[in-house]
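The values are calculated or read from the model by the stated rules, or taken from the named source; none is laboratory data. Keep in mind the model is a prediction, meaning the values are calculated, not measured. Every residue, glycine as well, gets a Cβ built from its backbone with ideal geometry; the counts of neighbours run over all protein chains shown.
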């Protein structure tokens, strides 16, 4: 099954009440810069925000540039992929704001 969602947040501790967002609180597989797999479901996303590399089961096999086990990001929390963001749980709202400003 495939499901399309504009923004997916992968975080152990966060719940965002926003109809544009889907929050996943358990580990997933990142297939590429627009798809992730959760069990039998494949999600298509425009933006992904994640807060813990342990939640991306194949993180080290992705093309996301990392140093010391953490993704390298710019000032706006963007990783190697401009549509994939890495931040802490308490800065998810700021990452969402950055996405909205770039739309």
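Of the conditions (1) at pLDDT 95 or above; (2) on the phi < 0 side of the Ramachandran plot; (3) surrounded by 15 or more Cβ atoms within 10 Å (Cβ to Cβ), residue 21 clears all except one; give me its number.
Among (1) at pLDDT 95 or above; (2) on the phi < 0 side of the Ramachandran plot; (3) surrounded by 15 or more Cβ atoms within 10 Å (Cβ to Cβ), the lone unmet condition for residue 21 is (1).
One residue is enough: does the range 55-64 have a residue meeting the conditions loosely packed, with under 14 Cβ neighbours inside 10 Å, touching a helix residue (DSSP H, G or I) at 6+ places or on another chain (Cβ under 9 Å) and within 22 Å of residue 88 (Cβ to Cβ)?
Checking the range 55-64: at least one residue is loosely packed, with under 14 Cβ neighbours inside 10 Å, touching a helix residue (DSSP H, G or I) at 6+ places or on another chain (Cβ under 9 Å) and within 22 Å of residue 88 (Cβ to Cβ).
Kindly indicate the residue of the range 8-22 that is in contact with a strand residue (DSSP E or B) (Cβ under 7 Å, 6 or more places away or on another chain) and outside any strand (DSSP E or B) and also nearest to residue 80 (Cα to Cα) among those meeting that condition. Write out each step before concluding.
So in the range 8-22, the residues in contact with a strand residue (DSSP E or B) (Cβ under 7 Å, 6 or more places away or on another chain) come out as 8-11, 14-16, 20-22.
From what is left, the residues that are outside any strand (DSSP E or B) are 11, 14-16, 20.
Values: 11: 19, 14: 23, 15: 25, 16: 24, 20: 23 Å.
Only one residue tops the list, namely 11.
Applying the selection to the range 38-71, what residues are over 20 Å from residue 9 (Cβ atoms) and in a strand (DSSP E or B)?
First, pick out the residues of the range 38-71 that are over 20 Å from residue 9 (Cβ atoms): 40, 60-61, 63, 65, 67-69.
Across the range 38-71, the qualifying residue is only 67.
Given the conditions (1) at pLDDT below 95; (2) assigned to a loop (DSSP other than H, G, I, E, B), report the number of the one that residue 5 does not fulfil.
(2)
Could you tell me whether the range 75-96 includes any residue that is within 12 Å of residue 9 (Cα to Cα), surrounded by 12 or more Cβ atoms within 10 Å (Cβ to Cβ) and touching a helix residue (DSSP H, G or I) at 6+ places or on another chain (Cβ under 7 Å)?
Within the range 75-96 (the criterion being within 12 Å of residue 9 (Cα to Cα), surrounded by 12 or more Cβ atoms within 10 Å (Cβ to Cβ) and touching a helix residue (DSSP H, G or I) at 6+ places or on another chain (Cβ under 7 Å)), the answer is yes, since at least one residue qualifies.
Any idea how many residues of the range 23-37 are assigned to a strand (DSSP E or B), under 19 Å from residue 82 (Cα atoms) and touching a strand residue (DSSP E or B) at 6+ places or on another chain (Cβ under 7 Å)?
The number of residues fulfilling the criteria is 5.
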